[in-house]
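Trainee: Encoded as structure tokens, here's the structure I'll be asking about.
Every number in this text was worked out from the coordinates using simple rules, so none of it is lab data. Treat the numbers as computed from the prediction; the structure is a model and nothing was measured. Cβ placement follows ideal geometry from the backbone for every residue including glycine, while neighbour counts extend to all protein chains displayed.
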Ligand code: ATP
């Protein structure tokens, strides 16, 4: 059996004395789309920061495709294949869309394939091809989010992590973006999506985890979680 694309075991991390992650265990099978949901402050972004090597873990293990990435500096984590599209997009507004996308292809592996990957990104988001020479600042919020996802894809991730991709987008743009994310699944990678938009993300996810107070409190298929009373009350207000 092939190794999980990403496997996290009993992960602990925090800021100084503040313990935020208190034993997180989760796994992404190859080519899966996994949702991570939870209230503000549950530790979702902290989890991504720890996997990315931006924050030091205090315990536990992180493996990518069966290889440990514990303790690697952030650029080595990207080279190993864990690529994140951060909350708030963080584009270079003075640069064109094309330049912003190319920034993503900064590892040797990614640079060697950047022409082909760019075509794939343009296929996924045709509007970006049309507007590729426009500055990023000229785009709508939804289009900027597409650039952020496209830039992450340019790094040729084995695991793509999206932190709140639908944040601040109009409902129609959220639908389009989620459609594109679903399509990315056809590529050879696994996707971890952090979302406040709990209903939509669980509808499309193969599997979901709920993070509460730095621990996984519930997990199951998207449909199982959507049928769960505690989840419906706490996150969907039903
Ligand atoms: P959100 O949806 O609001 O981003 P989250 O689940 O991603 O929530 P985190 O951003 O991981 O939550 O934050 C978890 C906890 O860690 C919060 O209590 C937050 O105040 C705290 N925290 C985050 N960043 C820092 C920091 N740099 N220093 C100290 N505490 C921090």
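Trainee: Could you tell me how many of the residues in segment 198-221 are within 17 Å of the chain's Cα centre (by Cα) and within 29 Å of residue 80 (Cα to Cα)?
Mentor: Here the count works out to 10.
Trainee: For segment 17-68, which strands (runs of 3 or more DSSP E) that fit wholly inside it have 1 or more residues that are free of Cβ contacts under 8 Å to residues at least 12 places away in the same chain and within 16 Å of the ligand (Cβ to nearest atom)?
Mentor: The strands (runs of 3 or more DSSP E) meeting that bar are 18-28.
Trainee: Collect the residues in segment 16-26 that are closer than 12 Å to residue 214 by Cβ and in contact with a helix residue (DSSP H, G or I) (Cβ under 9 Å, 6 or more places away or on another chain), keeping them in residue-number order.
Mentor: 20, 21, 24
Trainee: A follow-up question, please. Does any residue of segment 201-212 turn out to be surrounded by fewer than 15 Cβ atoms within 10 Å (Cβ to Cβ) and part of a loop (DSSP other than H, G, I, E, B)?
Mentor: No - not one qualifying residue is present in segment 201-212.
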